[in-house]
1. With springs connecting C-alpha atoms under 10 Å apart, model chain A as a Gaussian network and identify which of A:42, A:155, A:51 has the largest mean-square fluctuation.
2. Give, to the nearest whole percent, the P(r) tail of the protein assembly as shown beyond 37 angstrom, counting all Cα pairs.
3. Could you check what % of the DSSP bridge pairs in chain B are antiparallel, to the nearest 5?
4. What residues qualify as long-range amide H neighbours of residue A:43, i.e. H under 5 Å apart, gap of 5 or more or another chain, H built at 1.01 Å from N?
5. Are any of the pairs A:218/A:242; B:48/B:89; A:173/A:198; B:71/B:296; A:242/A:335 more than 21 Å apart by Cα-Cα distance, and if so, which?
6. Can you work out ³J(HN,Hα) from phi for every residue in the stretch A:279-296, in order, using Karplus 6.51 cos²θ - 1.76 cosθ + 1.60 and θ = phi - 60°, giving whole Hz and x for Gly and Pro?
7. In Å, the Kirkwood hydrodynamic radius of chain B over pairs of distinct alpha carbons?
8. Quickly estimate the mean residue ellipticity at 222 nm for chain A, helices only: each DSSP H run with n ≥ 4 gives -39500 (n - 2.57), and the total goes over all residues, rounded to 500.
Amino acid sequence: MHSHGRRGRPRPGTAERPTREITYAEAIREALCEEMRADPRVFLLGEDIGVYGGAFGVTKGMFQEFGEERVRDTPLSEHAITGAAAGAAMTGMRPVVEIMFSDFLTIALEQLANQAAKARYQFGGQVSVPMVLRTAGGSGTGAAEQHSQSLEAWVCHVPGLKVVIPSTPYDAKGLLKSSIEDPNPVVFIEQKLLYRQKGPVPDPAEEYTIPLGVADVKRIGRDLTIVTYGRMVPRCLEAAGKLSEDGIDAEVIDIRTLVPLDSSCIIESVKKSGRAMIVHEACQTAGFGAEIAAVIAASDAFFHLDAPIRRVAGLDVPIPYNPVLEASVVPTIEKIMAAAKDLLR
Amino acid sequence: MVSTRSRKASDTEASHGIPADTLRGIYLRMAQTRGFEEAAARLFTEGKVHGTAHFCIGEEATGIAVCAALKPEDRITATHRGHGQSIGKGMRLDLMMAEFLGKETGYCKGRGGCMHIADFAAGSLGANGIVGGGIPIAVGAALSQRLQGSPNITACFFGDGATSTGSFHESVNLASVWKLPVLFVCVNNLYAMSTPLRKQANIADLALRGQAYGIRSVSMDGNDAIGIYLAAREAREHVRVNGPMLLVLNTYRHMGHSKSDANVYRSKQEIEEWKKRCPLRRMRERLVSEGTFTEKELDAIDAQALADVEEAVRFAESSPSPRIDEAARDVYA
């Protein structure tokens, strides 16, 4: 097995093997299955993950392969199942919890933030909590205010948690395997609108992981650095493609893990381009973009800036139901392009 | 108030086939707990403690006697009022006192204090600062035991206040559905901080809250150490074979909720009434009247407990504080 970092990693499909394309959901399932086959301590718990296959179909078929002891349907008790995962993790297991919608993190948060995240520190390093909390985040499905939020900033603010948001099937698989193997509680936020997106992923025989804390430069460019993550990555790449028609060459950095953050990748890129723009779906105020902006501003990249740092984020509103309104409150390609052009004026 | 379907004296007579060593251990650990907390209160008065503490004086029989019925490989989760539960599970007084004083030599290297004291080697998965917060953790530990094919159980301590949290209800339900080996132990001291039980629950007997989830639930005298030991021994077996059970131990805390409590919500008379039912005194009288130990032998145990506590205080006071440059250690593994 090999581990792919940022620089010089072989892109899938460049090996002798023919390129295989699978969806983001399938890539997550492959990671879960491979980890469960390799390690009897790994098990799943969550609502409707068994015979139903998960609300988004991620665990489809796993119940049949691994049985009800290792793919455990639970009552509707996000608090208790998150805490039970923490307790199991502290006592020798490696649970992976599925929280159906990331909005329900609000219910799980006591056990996640007060218990799982703090156990190692408050017990003086006696224990580690190797659990993963998988959840589906983001808007765009017409699920309205209580099923569409992007709450990553909430969990990034709790020391002891790691936070991962993958943007491609390849990254989703490699990062989830690393998350399961990590000795800390990891919040793994999947993107609802990416579940059906396909992308190249190596054949299962070609096992790989992606280390947490390593960003990926998804597009190399020299005029402008766009720092983003999750489902805004493909949107920023599309925007960058269109900007190139106008002669603007944007670099797109997918940070992939918010905690720990690959600051040096961001800083080096901004030092090269002199312009920084941050794009995320979550609402702007106290969003993770503020942290990225501060990382840039507090580094020596500050002296290379030719323009103020720009944020393109969701509006500070709940996600509305109406599809036109819903699409309008998160960054669109047009908003991203307009901000980029403005930054280069 | 609470109906205590307490066991009849005849159930627990003759100290009842319990080996004298076990009885001695229970009495010693109760005396150590009393001594530990009295010493801790003294250290407060002397201005040597930063922070707070929650004393279980009056409730010692609950944590000590339940833990005495557990196997060393069994696990517990403890409460913020958990000194007796920790000592009962075999934790060391010196390392506990050092933690209480925030020292590097403490169980948690001074990071957690006694509200978060834990000893994973001894099977204590930690006291908890969140009321009800440890209940799902205990369920998860029992899930591990199930998945690992272990014959052991997890005992989960919490107070009457916790039975009104969602955490309690979600967790007892989950353990019941999965038939996990959890012994839920409610230390009902009649007050959630200042709020009396009658303002917390519209039922007199908290055991009803377990019955609602389809598990065996028993309410009993929480100041009778020998009775609790026998009930917990039986409960352990029930839990191992059949899945979870709720044991409600009705007791009383002699001290305030924490150091800042002026006790304005209960009468002196009520407190004095309960002090007459002191679990240490009751056990002593019983052991003497049944001829298990003489007064003199029990005096010697008391003296040993106090000496153990004083040694722990000496160790803690002479221990170094954590280093400031290590404040960020152990956030991540």
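Since every read-out is calculated from the coordinates, none of them should be taken as a lab result. Note that this is a predicted model, so its numbers are computed, not measured. FYI the Cβ positions are ideal-geometry reconstructions off the backbone, even for glycines, and counts take in every protein chain you see.
1. Of A:42, A:155, A:51, the Gaussian network model singles out A:51 as fluctuating most.
2. Result: 44 percent of Cα pairs exceed 37 Å.
3. Numbers: 3 of 25 bridges.
For chain B, the DSSP antiparallel bridge percentage is about 10.
4. A:94, A:96
5. Too far apart for the 21 Å limit: B:48/B:89; B:71/B:296.
6. Once rounded to whole Hz, the list reads 10, 8, 6, 4, 4, 6, 5, 6, x, 5, x, 5, 5, 5, 4, 5, 4, 5.
7. That comes to 20.0 Å for chain B.
8. -9500 deg cm²/dmol
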